[in-house]
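The values are calculated or read from the model by the stated rules, or taken from the named source; none is laboratory data. What you are looking at is a predicted structure, and each value in this text was computed from that prediction instead of being measured. Quick reminder, even Gly has a Cβ in these numbers, built from the backbone with ideal geometry, and neighbours come from all protein chains shown. Keep in mind that these areas ignore ligands, DNA and RNA; they rest on the heavy atoms of the full protein, side chains included. Shrake-Rupley method; radii C 1.70, N 1.55, O 1.52, S 1.80 Å.
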Amino acid sequence: MDKPSVGELTPPDRTLLGPGPSDVHPRVLRSMSTPLVGHLDPSFIEIMDDVQELLRYTFRTENQWTIPVSGTGSASMETAFANLTRPGDTVLVPGNGYFGERMASMVERAGGDPVFVDAPWGEPLDPDDVAAAFDEHQPDLFGFVHAETSTGVLQPNVSALTSVAHEHDALVIADCVTSLGGVELHVDEWDIDVAYSGPQKCLSCPPGASPLTLSDDAVERVFDRDSQVRSWYLDLTELGGYWGEERTYHHTAPITNVYALREALRLVAEEGIEERWARHEHLASGLKAGVEAMGLELNPEPEYWLPSLNAVRLPDGVEDEPIIDHLLSAYDIEIASGLGDLAGDILRIGCMGYSAQPRNILPLLAGLGEALDEQGADIDTGAGIRAAMDSFELDG
Ligand SMILES: Cc1ncc(COP(=O)(O)O)c(C=O)c1O
């Protein structure tokens, strides 16, 4: 066999304004080029402690069991569902977006029976519908998506949802992949039992070590199981040896990703979590003002607007692909199309972490306007850019 001739790695210099990943903060990138220590090195144990403390701050929780799971957001998600679901459990999951389906699939693999509470894609769950689903199915667990990346919907009334579940003695698992570090989230105050996330969205960190937090009740449920968790790798009763008091080997942690997460979370703590939520809202408000002044609309009702993921409705007769292609080829900007029930109807524009800056949003609006113009849409690009500049208070 000939030696492969593969050139040096030179990925294009993109601006990531899609549904994730977002642009990585330069300080996080720098942390990833620092030397490795062993995953049981005393210095790494300290780093693990730092990450846990910073994660508790970011999740707004006192939960002892707060760790990064090795793997992408789906790994922290599966850790939640695989450990909490016992064979034969009924688990209520949402039918209003892409990630409820993934929850259902994980529940089935864990031996549980998923049942759905529905709402149209583009709308949040209604607590009354959740209550009715509880009366009908008496589920043991309830999973919901706080920030649905497929629809750009922020679930309001989280406390109302968790109250319904707790009145029925069920535990709650919240998908916070697109909210953690960018959108208001209070794990303890809202009585969420398990919350998981990914680092590559509002934390502006590469994927690879994914946040997870469990309340004492959730931990008790995991350790009280009669049957083994069906995944060896994600079994929290085994992982506890590594992330708990003992610090014994389970698997080799993705050390560089843990460095990166530590730095990303340090940036959150330096800025302040409330200030960070406010900054995301301010920048996404500029984007929203811009697209609306151009003559476009966001798909969700204003009360459910998710600042970290903006679902922009395509005007009638306009196709998504040429717009996405134009932004990538002319501006090196990545955005994404709609999924599932909203495929072909929306564009998904992220406003997360280090990507969320006027210097990215203004060219995005320019390129979006050009591509829409090309397809004959009635768009006022200049008005959009002016509205965004006004919102960012960029006079000049
Ligand atoms: C809401 C939500 N949940 C779960 C995931 C899965 O995360 P990952 O793709 O990192 O495995 C994503 C990823 O985009 C997401 O947006």
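Values computed for the structure shown
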{"quantity": "Subset of the range 91-114 (residues that are more than 23 Å from the chain's Cα centre (by Cα) and open to solvent by 30 Å² or more (accessible area, probe 1.4 Å))", "calculated": "113"}
{"quantity": "Criterion (farther than 18 Å from residue 211 by Cβ and part of a helix (DSSP H, G or I)) met by exactly one of 269, 264, 311, 284", "calculated": "284"}
{"quantity": "Test for residue 29: is it under 15 Å from residue 206 (Cα atoms) and under 24 Å from the mean Cα position of the chain (by Cα)", "calculated": "yes"}
{"quantity": "Filter result (of a type in the set (Lys, Arg) and within 12 Å of the chain's Cα centre (by Cα)) within the range 181-221", "calculated": "201"}
{"quantity": "Test: residue in the range 352-372 that is on the phi > 0 side of the Ramachandran plot and either among the hydrophobic types (A, V, I, L, M, F, W, C) or out of contact with any Cys (no Cβ under 9 Å at 6 or more places or on another chain) (or both)", "calculated": "no"}
{"quantity": "Test: residue in the range 11-19 that is closer than 16 Å to residue 180 by Cα, more than 16 Å from the ligand (Cβ to nearest atom) and either assigned to a helix (DSSP H, G or I) or open to solvent by 30 Å² or more (accessible area, probe 1.4 Å) (or both)", "calculated": "no"}
{"quantity": "Neighbours by Cβ (under 7 Å, 6+ apart or cross-chain): first from the range 81-109, among the polar types (S, T, N, Q); second assigned to a helix (DSSP H, G or I)", "calculated": "83/222; 83/236; 85/107; 90/137"}
{"quantity": "Residues (surrounded by fewer than 14 Cβ atoms within 10 Å (Cβ to Cβ) and either under 30 Å from residue 276 (Cα atoms) or in contact with an Asp or Glu (Cβ under 9 Å, 6 or more places away or on another chain) (or both)) located in the range 311-356", "calculated": "322, 330, 340, 343, 344"}
{"quantity": "Hits in the range 211-250 - residues which are within 16 Å of the ligand (Cβ to nearest atom) and open to solvent by 10 Å² or more (accessible area, probe 1.4 Å)", "calculated": "231, 233, 234"}
{"quantity": "Matching residues, the range 26-59, being open to solvent by 70 Å² or more (accessible area, probe 1.4 Å) and not in a helix (DSSP H, G or I)", "calculated": "33, 35, 36, 40"}
{"quantity": "Matching entry among 286, 295 (being farther than 29 Å from residue 28 by Cβ and of a type in the set (Gly, Ala, Ser))", "calculated": "295"}
{"quantity": "Residue match in the range 67-75 (condition: among the β-branched types (Val, Ile, Thr), in contact (Cβ under 8 Å) with a residue 40 or more places away in the chain and within 11 Å of the ligand (Cβ to nearest atom))", "calculated": "yes"}
{"quantity": "Residue within the range 96-110 that is at pLDDT 95 or above, within 13 Å of the ligand (Cβ to nearest atom) and assigned to a strand (DSSP E or B) present", "calculated": "no"}
{"quantity": "Test set (1) open to solvent by 30 Å² or more (accessible area, probe 1.4 Å); (2) farther than 27 Å from residue 235 by Cβ; (3) polar (S, T, N, Q) - residue 72 fails condition number", "calculated": "(2)"}
{"quantity": "Hey, residue 184 under 15 Å from residue 309 (Cα atoms) and away from the ligand (no atom under 12 Å from the Cβ) or not", "calculated": "yes"}
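Yes/no per residue for (1) in contact with a helix residue (DSSP H, G or I) (Cβ under 6 Å, 6 or more places away or on another chain); (2) free of Cβ contacts under 8 Å to residues at least 12 places away in the same chain; (3) assigned to a strand (DSSP E or B); (4) within 16 Å of the ligand (Cβ to nearest atom):
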{"position": "114", "(1), (2), (3), (4)": "yes, no, yes, yes"}
{"position": "133", "(1), (2), (3), (4)": "no, no, no, no"}
{"position": "159", "(1), (2), (3), (4)": "no, no, no, no"}
{"position": "164", "(1), (2), (3), (4)": "yes, no, no, no"}
{"position": "179", "(1), (2), (3), (4)": "no, no, no, yes"}
{"position": "199", "(1), (2), (3), (4)": "yes, no, no, yes"}
{"position": "209", "(1), (2), (3), (4)": "yes, no, yes, yes"}
